[in-house]
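The values are calculated or read from the model by the stated rules, or taken from the named source; none is laboratory data. Note that this is a predicted model, so its numbers are computed, not measured. Neighbour counts run over all protein chains shown; Cβ positions are idealised from the backbone, glycine included. Note: areas computed on protein heavy atoms with side chains; ligands, DNA, RNA excluded. Shrake-Rupley method; radii C 1.70, N 1.55, O 1.52, S 1.80 Å.
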Amino acid sequence: MRLLELTPAEIAFLAAPPPASDSLQVRLTRKLAATLTARLRLPVHAMAQPSAAPVDAPASPKWQPDAALATMWLTRRLGGQRVMGVTSFVPHTLIHTLDAALAESWLDAAAQAWLPSALVWQITAARTQATLAVNLPHHTSDMTRWARGVIRHG
């Protein structure tokens, strides 16, 4: 059986570079909004913000949710409807949830040669405004090792 010759359109399609995947921050922004919406049982919007590079890069990602996000998480996860007051600690379950979202977003993408040092979001849910930041390791290999560990033990 003789194969047909490729058309110019088919040759162009096969020769074209693969489509550029979304950046880590774009993918993670969507993932965070969807995850927080599901866990808090209310619509959550996440908007990426400019971030300043931290002085020291951590060995693994370090989340920095503000008190408003920690309070909203604690209130909603315990069945409360209105967020009032301020919690003095960050619930461990919030960090685990954020770790899982970051690990999945990192491992879902093709290998990346560059890793931002920090990412920041403005989180909006109901009438609550919060800020969420994460400092990331310098090396992509450290990030991949960490993400695989989170998925394996999560």
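Of the residues in the stretch 91-100, how many are crowded, with 19+ Cβ neighbours inside 10 Å and either under 15 Å from residue 136 (Cβ atoms) or of a type in the set (Val, Ile, Thr) (or both)?
3
Pairs only if they're at least six apart or on different chains, beta carbon under 6 angstrom, first in the stretch 70-86 and at pLDDT below 95, second in a helix (DSSP H, G or I) and of a type outside the set (Gly, Ala, Ser); list them, first residue then second.
Here the result reads 76/40; 83/71; 83/72; 83/75; 86/71, each pair linking the stretch 70-86 to a residue that is in a helix (DSSP H, G or I) and of a type outside the set (Gly, Ala, Ser).
Give the residue, chosen from 81, 112, that is open to solvent by 50 Å² or more (accessible area, probe 1.4 Å), among the polar types (S, T, N, Q) and out of contact with any Asp or Glu (no Cβ under 7 Å at 6 or more places or on another chain).
Of 81, 112, the one residue that is open to solvent by 50 Å² or more (accessible area, probe 1.4 Å), among the polar types (S, T, N, Q) and out of contact with any Asp or Glu (no Cβ under 7 Å at 6 or more places or on another chain) is 81.
What's the number of the only condition in (1) under 21 Å from the mean Cα position of the chain (by Cα); (2) open to solvent by 60 Å² or more (accessible area, probe 1.4 Å); (3) farther than 30 Å from residue 75 by Cα; (4) not aromatic (Phe, Trp, Tyr) that residue 57 fails to meet?
Going through (1) under 21 Å from the mean Cα position of the chain (by Cα); (2) open to solvent by 60 Å² or more (accessible area, probe 1.4 Å); (3) farther than 30 Å from residue 75 by Cα; (4) not aromatic (Phe, Trp, Tyr) one by one, residue 57 breaks only (2).
Residue by residue through the stretch 131-154, note down the ones that are assigned to a strand (DSSP E or B) and of a type in the set (Val, Ile, Thr).
Selection gives 131, 134.
Is it the case that residue 90 is more than 21 Å from residue 43 (Cβ to Cβ), touching a residue at least 24 places away in the same chain (Cβ under 8 Å) and out of contact with any His (no Cβ under 8 Å at 6 or more places or on another chain)?
yes
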